[in-house]
Structure formats: structure tokens, C-alpha cells
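Structure first, then comments.
The values are calculated or read from the model by the stated rules, or taken from the named source; none is laboratory data. Just so it is clear, the structure is predicted and the values come from calculations on it, not from any experiment. Every residue, glycine as well, gets a Cβ built from its backbone with ideal geometry; the counts of neighbours run over all protein chains shown.
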Amino acid sequence: MAKTYKIATIPGDGIGVDITDAAIQVLKKLSDASGSFQFEFTNFDWSSKTYKERGYYIPEDGIEQLKKFDAIYFGAVGWPDVPDHISLWGLMLPLRNSLCQYVNVRPTRIIPGTSSPLANCKPGDLDWVIIRENSEGEYAGHGGETHTYYDNAVATDVSIYTQVGIERIMRFAFETAKSRPRKKLTMVTKSNAQRHGMVLWDRIFNYIKKEFPEVETDKMLVDAMTVRMVLQPSSMDTIVATNLHADILSDLAAALSGSIGIAPSSNLDPTRKNPSMFEPIHGSAPDIAGKGIANPVGAFWSAAEMVEWIGEKDAAAKLMKAIETVTEAGVKTKDLGGSKNTKEVTDAICAEIGK
Ligand code: NAI
Ligand code: MG
């Protein structure tokens, strides 16, 4: 009997819908090819469109429904007729927070057949994993606005950092670094200006690193980090940073590796008490939505991360290999300098899996 994995899909808005459809097609092909497991997909129509109709993104029992699944596959949320802070705080952040997905893993590398916008940066020169703290910092939701009606509005976003939160992300980052060939971890903060929370990050980093003597470490201020990413990409391997810093750095990382359309992310609950959630890092891309031209590679790479997380390592490797074979053959969307559309790339990868 083939093992069945229950996957919740939340396509969301814009190209989130196109790339989720493409990911489901590829995942079905992958399970057919394997024969030893299958996926049972359940679609959740939680989007900015349903928000406008109903007044909420997630229904009251929505989180409880999701807890029954082995994993969640997410497209993107955000549409021009709903303010971005409403969509982000209405759908994405409540999912990450209530499912205890406190780690966000964002690998980046130059995949075959693509190139970096950096001159002289070859595949292999840029191979990073960014570990983003996924539950605290500016995204904890602490803050507010007052005096709005007196022409002297005051607004605060308070960054929250806890010892528990920092320790658990540091340990995860060290474990990740230890599992990779170079065993190298760079910690990013802004502990010159942010003199409380970021200094706590520094302090915790210094005592956790004693537990991992085999990992080589260094630390950077976030502004200097942007320079190093551009000028010395091969000097880094695993990177750990706060929710906001890593959000920004991972967009830069994706662009340096060729396109934001290829970059995956995993929102993990490492305790495995709750399902983890997998999504490309890009947004809903209203400028290209509905045109069928979105690059599905980030969606497929995210799907491969999901397949690995649920325990099907061979199938995950097979999917990554199929993606890379197809990009190497030049079957690419426009953002990667190619001329194919979403369907053509998807079909090519399905055909590769079937070989
Ligand atoms: P975006 O990532 O949607 O788009 C930025 C640029 O990259 C656009 O020019 C877009 O066409 C291009 N792009 C993105 N993904 C692509 C792909 N797969 N293939 C080809 N080109 C691609 O970011 P933007 O424009 O800042 O945000 C649009 C909406 O998405 C906003 O409402 C924002 O809040 C939301 N958003 C949602 C995220 C999520 O659900 N995780 C993440 C980032 C933004
Ligand atoms: Mg982002």
C-alpha cells in the first residue's frame, strides 16, 4: 500500500494560484513515478478575493483544520485592492505564528543554465542557506498608533526578542551549518544601533557556539552584509539573521542568484507538533498575474523542500535534479532570460520526472 501524505494547499492571490497549480501537477507526477507514496491535496480558498467577500482570510476553525495535515503548500498573498499589512497579517503571519513555524529556511544558489547578475560569479561561488528567525522581531506585532486625529500621529513597531526565541533559532542555524560541507555560520545583526535586542543576539550566539566547536563562525552588521554578499559571495555559507533583516537579505540573495522567481522557503516547526509550510519567497506579482508567464521554479524547489521534510528524500532529490536538468537545457521563463511560459516549464519538468 502506497503511503499517503495529506497536503493542504493555499494558493492565495495572483501568481500564487498559477504556481500552486503547477506545483500540484509536478508533485502528482513525482508520486506517480515513485509508486511508493501519494499525495492527497485539499485546497483552501483563502485569498484577498474571499477576504473582500467575507471580511476575513482565515475562518474561525481554519488553524485547527490545517493541523490535521502533514504539510501546507502556500502560493502568495497580497493584492492591490487590499492594503499589504491587512493581507500579510490576515493570512501569512497568523499561519506562521499559530503553527509555531519559528524557522524560515531560504536556500540560494545559482542553478545550472542560469547566471548571476554579478560579473564573474559562477555556479558554486554563491551557495547559501539563510536561516530567518520567523516568529519575533518587528513581525511579533507589538506596537500601535495614537493621536491619529490630531495631525500629530505617533506610531511604533516594537521589536520583540526573547532568549527562548533566539536560542532556538541559533541552535537550528548551527545544526544547519554543521550539516553542510563547509560548516560555516555567519550571524547578522545591527548591534551597534539596536543596542538591546541585537546585543542579546550577540550574547546568545557567543554561548551557543561553544556547543558547536566544529562550526566556523563570524558576524556581520546587516549593512556591511549587503556589501559582502555582492563583493565576496563565496566567503559565506549558512547565514542566520532576524525576521526583518533576513527577509531583506533573502530577496537580495535571490536576485544575486538570478531571479526572485527561483527562490524557495520553508516555514518549519522543528518540533513537528504542527505542520510546516512551504512557499516560494516571491509575492503575488500583480504585474504578471494571469499572463501564464510566472517562473514556477521557486514553487517547485519549495515543493522539493516539502517532500524532503516529510521524509521522501529520494523523491526530493529527483525533483531537484529534474528542475536543474530542465533549466540547464535552456527551458526557462523570461525572468531567467528564457522564452518559455509557466506551462512549458512545468510540462518539461514533468516529462523529465517521467523518464
Ligand atoms: P513580488 O515578489 O510579487 O514581485 C516583485 C517583482 O518580481 C515583480 O516585478 C514580479 O513580476 C517579479 N516576480 C516575482 N515572482 C516572480 C516569478 N515567479 N516569476 C517571474 N517574475 C516574478 O513582490 P511585490 O511586487 O513587492 O509584492 C506584490 C504583492 O505580493 C504585495 O501585495 C505583497 O504584499 C505580496 N507579497 C507576498 C508575499 C508572500 O505571500 N509570501 C511575499 C512578498 C510579497
Ligand atoms: Mg520578503
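Residue 161 - would you say it is in contact with an Asp or Glu (Cβ under 7 Å, 6 or more places away or on another chain) and crowded, with 20+ Cβ neighbours inside 10 Å?
Taking the combined requirement at face value, the residue satisfies it.
Which residue, of 79, 89, is aromatic (Phe, Trp, Tyr), assigned to a loop (DSSP other than H, G, I, E, B) and within 14 Å of ligand 1 (Cβ to nearest atom)?
One residue alone meets the criteria, 79.
Among the residues of the stretch 50-58, is any without any contact (Cβ under 8 Å) to a residue 12 or more places away in the chain, within 16 Å of ligand 2 (Cβ to nearest atom) and surrounded by fewer than 19 Cβ atoms within 10 Å (Cβ to Cβ)?
So far as the stretch 50-58 goes, no, none of its residues is without any contact (Cβ under 8 Å) to a residue 12 or more places away in the chain, within 16 Å of ligand 2 (Cβ to nearest atom) and surrounded by fewer than 19 Cβ atoms within 10 Å (Cβ to Cβ).
For every residue, the table says whether it meets (1) assigned to a helix (DSSP H, G or I); (2) more than 15 Å from residue 261 (Cα to Cα); (3) more than 16 Å from ligand 1 (Cβ to nearest atom).
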| residue | (1), (2), (3) |
| --- | --- |
| 295 | no, no, no |
| 298 | yes, no, no |
| 301 | yes, no, no |
| 306 | yes, yes, no |
| 347 | yes, yes, yes |
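Against the conditions (1) in contact with a Gly (Cβ under 8 Å, 6 or more places away or on another chain); (2) buried (at least 17 other Cβ atoms within 10 Å of the Cβ); (3) not aromatic (Phe, Trp, Tyr), where does residue 322 fall short? Just the number, please.
For residue 322, the exception is condition (1).
State all residues of the stretch 243-267 that are in contact (Cβ under 8 Å) with a residue 60 or more places away in the chain and out of contact with any helix residue (DSSP H, G or I) (no Cβ under 7 Å at 6 or more places or on another chain); if no residue qualifies, say none.
Residues satisfying the conditions are 243, 244, 246, 247, 250, 255, 257.
If you go through the stretch 238-276, how many residues are away from ligand 2 (no atom under 15 Å from the Cβ) and within 23 Å of residue 41 (Cα to Cα)?
Summing the residues that are away from ligand 2 (no atom under 15 Å from the Cβ) and within 23 Å of residue 41 (Cα to Cα) in the stretch 238-276 gives 8.
For residue 202, are the conditions met, namely being away from ligand 1 (no atom under 12 Å from the Cβ), surrounded by fewer than 21 Cβ atoms within 10 Å (Cβ to Cβ), part of a helix (DSSP H, G or I) and acidic (Asp, Glu)?
Yes.
Among the residues in the stretch 127-147, are any part of a helix (DSSP H, G or I), at pLDDT 95 or above and under 22 Å from residue 97 (Cβ atoms)?
Scanning the stretch 127-147 turns up no residue that is part of a helix (DSSP H, G or I), at pLDDT 95 or above and under 22 Å from residue 97 (Cβ atoms).
Can you work out which of the residues in the stretch 310-330 that are in contact (Cβ under 8 Å) with a residue 24 or more places away in the chain, assigned to a helix (DSSP H, G or I) and among the aliphatic types (A, V, I, L, M) is farthest from residue 351 (Cα to Cα)?
Top of the filtered list is 315.
All but one of (1) surrounded by fewer than 20 Cβ atoms within 10 Å (Cβ to Cβ); (2) farther than 25 Å from residue 271 by Cβ; (3) in contact with an Asp or Glu (Cβ under 7 Å, 6 or more places away or on another chain) hold for residue 223; which doesn't?
Of (1) surrounded by fewer than 20 Cβ atoms within 10 Å (Cβ to Cβ); (2) farther than 25 Å from residue 271 by Cβ; (3) in contact with an Asp or Glu (Cβ under 7 Å, 6 or more places away or on another chain), only one is false for residue 223: (3).
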